[in-house]
Structure formats: C-alpha cells, structure tokens
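The values are calculated or read from the model by the stated rules, or taken from the named source; none is laboratory data. Just so you know, these numbers come straight off a predicted model, no measurement behind them. FYI the Cβ positions are ideal-geometry reconstructions off the backbone, even for glycines, and counts take in every protein chain you see.
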C-alpha cells in the first residue's frame, strides 16, 4: 500500500503571487503542476530526482 498526499501548495505561496506550483507525493513518484492551470498537465519525476532537486535548491541558499 502506498501513499498519496493529494496536491499541496507551497507554504511560501501567497494569495497575491501568481507564480505558484503544487506538488503531489505518491508511491510512484513526485508530480508538479501549475496551480493556476491544474488541468493543464503535470511533470512527474522519481523520488530520487526530487531529492536531488531539493538538495540543489538548499545548496544555493545564502
């Protein structure tokens, strides 16, 4: 049995920003979509690729 978080919006997204993404974690992988166009499709990546992506973001923080 896997897990599925449903679509989650970043806590850094504000009501005034129009640059928001939503993320969904599942047993198959991680999916990302534009919150303004939820029916417009999504990008899917493996859990390992998502961890690398998050690591790269953390490495770039001042």
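Pairs linking a residue in segment 14-32 that is at positive phi and modelled with pLDDT of 95 or more to a residue that is outside any strand (DSSP E or B) and surrounded by 15 or more Cβ atoms within 10 Å (Cβ to Cβ), with Cβ atoms under 9 Å and 6 or more positions apart or on different chains, are 29/50. Residues in segment 42-62 that are in contact with a strand residue (DSSP E or B) (Cβ under 7 Å, 6 or more places away or on another chain) and part of a loop (DSSP other than H, G, I, E, B): 42 only.
So, in segment 20-40, of the ones that are within 18 Å of residue 4 (Cβ to Cβ) and out of contact with any strand residue (DSSP E or B) (no Cβ under 6 Å at 6 or more places or on another chain), which residue ends up surrounded by the fewest Cβ atoms within 10 Å (Cβ to Cβ)? Result: 27.
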